[in-house]
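Presented below is the structure to which this report refers.
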Amino acid sequence: MKKTISLLFLSTILLSSCTKILLYSYGLRNPKVENSESISKYLTKNKLMSYDCFCLKDTATLNKFYYSGIGTPEIRFYDSNGYLMLYRDNKRCNGQNDSLIGFLNPNNVVKIDSTNNINEYLNSLKTIDGKNINKEDFKNYDFYLIMYWAKYLGKVNSTKMLDWENSLNKKNNLKIKTIKVTTDYMNFWELNKKEIPKVYGWRTKITDKKKVREQEEKK
């Protein structure tokens with residue numbers, strides 16, 4: 001995968017230097033090559049479940065995700081038949097997701113995308129240690145919930161995911177299969193470090209740290 005392609009997605013969240021400084025203060029860092037241990041450790045540290053975490057299978061799938069416009073952090077719902085549920089249009093921010101989780105009910109009629117099925121989508125995923133997924137583990141649920149996130153986004157995604165998990169815990173009357181999909185760069189992809197995009201350069205890091213510290217001192 002070309003470095004320029006990866007940077008296309010990252011540039012959409014870095015619209016200005018002010019935005020970059022704000023995201024740095026929230027924990028956004030340069031992406032690194034991750035493995036099952038580093039991913040699990042991050043989730044545990046942030047009081048998030050790790051047994052339901054998966055990753056994209058390769059760089060081509062990551063590239064496809066970038067161009068899908070789904071975003072990170074974000075969630076998508078699938079019904080009991082595995083079809084994508086069209087709860088909201090693409091213009092509504094993920095701040096609506098908590099209320100959408102509360103709205104989950106088999107009796108509610110929701111539009112679906114019959115061309116997008118969870119069973120087919122699972123072909124795009126691997127376990128975080130690079131193994132194929134056992135599709136038998138994804139049968140007979142009321143709903144399927146995919147939660148997209150990335151470790152390099154820091155508190156930006158960990159806070160959202162914790163909110164979503166807390167909302168899901170209130171739906172204990174339903175069988176909901178949660179699928180956390182990290183969009184981090186995985187070690188079994190055998191990437192060259194030069195292929196991984198950078199949000200911050202050496203000078204940017206120093207400048208941003210100084211500005212963040214000055215902002216904190218003014219509070």
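Could you work out how much longer the chain between Asp137 and Lys32 gets when fully extended? Use 0.36 nm per residue separation minus the Cα distance between them, nm to one decimal.
Values: separation 105, 0.36 × 105 = 37.80 nm, distance 2.98 nm.
Residue separation times 0.36 nm, minus the Cα-Cα distance, leaves 34.8 nm.
What does the charge count near Ile70 come to, summing +1 for each Lys or Arg and -1 for each Asp or Glu among other residues with Cβ under 11 Å from its Cβ?
Counting the neighbours of Ile70, the net charge comes to +1.
Between Thr127 and Asn46, what is the spin-label point distance in nm, taking each point 7 Å from the Cα along the Cα→C-beta axis?
So the label points at Thr127 and Asn46 sit 2.3 nm apart.
Pull out the extension gain between Lys171 and Asn117, defined as 0.36 nm times the separation in residues minus the alpha carbon to alpha carbon distance; nm, one decimal.
17.2 nm
Here, each number is a calculation from the coordinates, and none is a lab measurement. Keep in mind the model is a prediction, meaning the values are calculated, not measured. Here Cβ is always computed from backbone atoms with ideal geometry, including for glycine, and neighbour counts include all displayed protein chains.
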